[in-house]
Amino acid sequence: MRIVEGWKGLAEADRGASVALGNFDGVHRGHQRVIAAAARGAQAAKAPLGVISFEPHPRRIFQPDAPAFRLMNAEQQAKALADLGVDLFYVLPFDAEMANLTDRDFAKQVLHEGLGVRHVAVGFDISFGKGRTGSPQTMTAYGAEFGFSVSVAEAAGADGAKFSSTGVREALRNGRPEAAAAILGRPFAIRGMVEHGRQLGRQLGFPTANVDLADYVVPRFGVYATRTRLPDGREIAGVANLGVNPTVTGTIAPRLEVWLFDFDEDIYDQVIETDLIAFLRDEEKFVNLEVMTEQVMADARKARALLLPEF
């Protein structure tokens, strides 16, 4: 997969694709249906399969004070799209110029003139252009005007229910990672570099790998059963606290502290990716480290029983 930044002055090899249009944060099952429609368009037109997204996310521009909301970082999104067979990933700058394009100007200047699209697949609920006046119906009309075909993907959930990034965020904030995974088609995962900490966990018998949440949506504070992928591809079961660890640190930026079971290697400054599999309990402030340690060991036994049934 090739990542193409921008839409002006592109080489011919980066034009003429059948594209899926959206934000695709999470690349969830609804997004996958739009991309599948674009793939059918690509096959019919004998064109590359492309996906169009925007950076920064428009929500960050229109709601600058909104809480962190991303379901994926850039590396995760690119991998998910590549795994779906996408050839061209267009990352378009969502700047003042883009924000002020009418829906017709977006179709004409960006899709037709800039990207030279052959086909555009959209979701049934898409809106685009200044004031969000564009719709599947207007996109179909612009396609007829500018010479590209259009397909509209319907809702992908059971009984016509909508799979949405908002639904994933709500599930995570409510401590329901299984519900989030049902929409995503895979567990929600936090990817980041392992940071140096106080090494208190190691002293207490449960060394943790600490990862900042960065711009991810903040799930419900608490303890989770987890699976973590290391840079070499190994996957390790574990248990994690997601929150501010009030017993030890008090109010700090939320982070993920994951104890990898049966693992004792130095992975500081390495990038790991941790799936949240099951919510075990809410985060607590304990009266002392001894009580906290007892609870962590109980959490670990529960997580092992979930993840490693033979334990």
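Every read-out reported here was derived from the displayed coordinates using simple, explicitly stated rules and does not represent laboratory data. Source: prediction; values computed, not measured. Cβ atoms come from the backbone with ideal geometry, glycine included; neighbour counts cover every protein chain shown.
Assorted remarks:
- Each of Ser164, Ser18 was scored by other Cβ atoms within 10 Å of its Cβ. Listed from fewest to most, they are Ser164, Ser18.
- Net +/- balance of residues flanking Thr247 in space, Cβ distance below 15 Å, scoring K and R +1, D and E -1: -3
- Total formal charge among the other residues, if their Cβ is under 14 angstrom from that of His119, Lys/Arg +1 and Asp/Glu -1: +3
- Fewest-first ranking of His57, His119, His196, His31, using other Cβ atoms within 10 Å as the exposure measure: His196, His57, His119, His31
- Charge tally around Ala107: other residues with Cβ under 13 Å, Lys/Arg +1 each, Asp/Glu -1 each, net -1.
- Members of Lys46/Lys108; Lys8/Lys162; Lys162/Lys285 lying beyond 26 Å, as alpha-carbon distances in this model show: Lys8/Lys162; Lys162/Lys285
- Per-pair calculated FRET efficiency, R0 = 41 Å: Asp105 and His196 via Cβ, rounded to 0.05: 0.25
- Residue exposure sequence - Thr138, Thr133, Thr102 - by fewest surrounding Cβ within 10 Å: Thr133, Thr102, Thr138
- FRET E, pair Glu145, Ala44, Förster distance 30 Å, beta-carbon r, rounded to 0.05: 0.90
- For the range 127-199 and the range 213-257, distance of Cα centres in Å: 24
- Here is the tail figure for the range 209-311: Cα pairs spaced more than 16 Å apart come to 57 percent of all pairs.
- Label-point gap, in nm, between Leu204 and Lys8 - each point 7 angstrom along Cα→Cβ: 5.4
- Aspartates and glutamates with Cα under 13 Å of Lys130, excluding same-chain neighbours fewer than 8 positions away: Asp95, Glu97, Asp103, Asp105
- Degrees separating the helix 74-83 axis from the principal Cα axis of the chain, which is the longest one: 70
- Trypsin sites (Lys or Arg not before Pro) within the range 7-99: DSSP coil, no more than 16 neighbouring Cβ in 10 Å: Lys8, Lys46
- DSSP-defined beta bridges in the range 2-160 - what % are antiparallel, rounded to 5: 5
- Contour excess over end-to-end distance, with Cα ends at Lys130 and Glu284 and 0.36 nm allotted per residue: 50.9 nm
- Above 28 Å, the calculated P(r) of the chain contains 45 percent of its Cα-Cα pairs.
- Annotation for Asp212 and Glu154: the two label points, set 7 Å from Cα along the Cα-Cβ direction, are 4.6 nm apart.
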